[in-house]
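Notes follow once the structure below has been shown.
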Amino acid sequence: ERTLAVLNGTDVFSTDSFSAIIGAIERLSRKRYADGGEPARAMRIIADHIRSATFILGDERGVVPSNTRQGYILRRLIRRAVRYGKSLDIVAPFAAALARAVIETYAAAYPELRKNQNMILEEIEREEVRFAAALDRGLKEFAKLAAVDGKIAFDLYQSYGFPLEFTEGQTRQSLGLTG
C-alpha cells in the first residue's frame, strides 16, 4: 500500500485498498476526505481501525472483543473508530456498514472474510452498541460531578469505558472553552 501510494503520488488512504471504506465514511458523515483537516484525520483513523477489526474478527482464531489479550486490542480498535465517528457526527450504529465495505474490498483475496461475514458484522455492531451504552452511563456520571481531576477521569475510564478525550472535551465544554 505504501509503495502504491508513493508511486501514485498520494497517501495510503487514497488508494484502491481504502477507497470503498473512505467513500462509505464520506457518505455517512456527509464530509469529503479531500477537504483535509480534522475530518480527514478522523476518516483515516476510522478506516484503518475498522479494517483491522474486520480482519481480526475474520481470522479463524476466533478473537472477539473482550477485556483481555487480543480481544482487548480488538475492543479498543472498534471503540476508537466509533469515537472518531461521533466526531464526524455519524449516526450510530455505523461500524458494521464500514466492515461490510472492507469485506467487499478484500473478500476475493481473503475468503475467510466472506465466510465469517455474519459473525464479523454482528460482533462489530454488538461492540458499538456496548460502547454507546458505556458512553451514556459515563456521561450521566460526568454530569453529577462538580469537578474532574486525574483520579476521577481514570475512574470514569475504568468503570464506564469513558474515554479520556471525552472527559477532556466535556470539561472544556462545561467551562465554555469549546473549540
Lysine pair count for the chain [Cα-Cα under 23 Å; pairs on different chains or 8 or more apart]: 4
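Nearest 20 debye, what's the magnitude of the dipole of the range 1-117 about its Cα centre given +1 on Lys and Arg Cβ and -1 on Asp and Glu Cβ? Could you put the intermediate results ahead of the total?
Details: 19 positive and 12 negative charges, 99 e Å.
Once rounded to the nearest 20, the dipole reads 480 debye.
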Over the chain, what is the mean sequence separation of C-alpha contacts under 8 Å (at least six apart), divided by residue count, expressed as relative contact order in percent? 18
Cα-based helix-to-principal-axis angle, 37-58 vs the chain, degrees rounded to 10: 70
What's the carbon and sulfur percent of the chain's accessible surface, probe 1.4 angstrom, rounded to a whole number? 52
Using 0.36 nm per residue of separation minus the Cα-Cα distance, give me the extension gain between Asp16 and Asn67 in nm, one decimal. 15.0 nm
Tilt of helix 95-106 relative to the longest C-alpha principal axis of the chain, in degrees (0 to 90, nearest 10)? 20
Averaged per residue, the 1.4 Å probe accessible area of the range 87-130, protein heavy atoms only, in Å², is roughly 52
Kindly sort Val64, Val102 by accessible area of their heavy atoms, largest first, with the probe set to 1.4 Å. Val64, Val102
Consider all pairwise Cα distances in the chain and report the whole-number % of them above 26 Å. 36
So how tilted is helix 150-160 from the main axis of the chain? Cα-based, degrees 0 to 90, rounded to 10. 60
Euclidean distance of C-alpha centroids, the range 32-101 and the range 116-135, integer Å: 11
Which one of Lys144, Lys86, Lys115 has the biggest mean-square fluctuation once the chain is modelled by GNM with Cα springs under 10 Å? Lys144
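The values are calculated or read from the model by the stated rules, or taken from the named source; none is laboratory data. Only a predicted model underlies this, so the values are computations on that prediction, with no experimental measurement involved. Using ideal geometry, Cβ is built from the backbone for each residue, glycine included, and neighbour counts are taken over all protein chains shown. All accessible areas refer to the heavy atoms of the entire protein, side chains included, with ligands and DNA or RNA removed. Shrake-Rupley method; radii C 1.70, N 1.55, O 1.52, S 1.80 Å.
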